[in-house]
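Step one of this worksheet: look at the structure below.
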Amino acid sequence: MDLQPLGDRLIVEALEEEETTSSGIVLPDTAKEKPQRGRVLAVGPGARNDAGEIIPMEVAVGDEVIYSKYGGTEIKLGADDVLILRESDVLAKVIGSKGAKSSKKKELAGASA
């Protein structure tokens with residue numbers, strides 16, 4: 001089944017978090033938190049403003065995003081579970097690789113006033 005989101009909605013596939021902690025402890029399924037990171041599978045055309053013009057979406061297919069923990073509606077497509085979210089439920093786009101993420105974190109931690 002193919003889905004095309006309407007308006008400012010998008011379809012996101014949740015990305016599973018690692019099953020072990022940094023110290024090597026394996027987490028059981030019951031201890032895992034609900035994922036907040038996912039990959040965009042489809043986007044709608046965008047919301048309309050007061051003049052009726054379409055405002056384009058800021059995310060595109062293939063983007064990796066962080067979304068609000070309890071946002072969206074879970075839908076089962078065949079064997080896959082996906083989320084239908086509003087663009088306003090998306091908190092950020094993930095940019096760069098894991099190496100860039102850790103170096104950015106070090107910069108923020110060492111920042112001084």
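Bear in mind that the values in this text are calculations on the coordinates, not laboratory data. Note that this is a predicted model, so its numbers are computed, not measured. Cβ placement follows ideal geometry from the backbone for every residue including glycine, while neighbour counts extend to all protein chains displayed.
In table form, for the structure just shown:
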read-out	value
FRET efficiency, E74 to E53 (Cβ-Cβ, R0 25 Å, nearest 0.05)	0.20
Sorted peptide list for 58-71, 36-49, criterion being average Cβ within 10 angstrom, highest first	36-49, 58-71
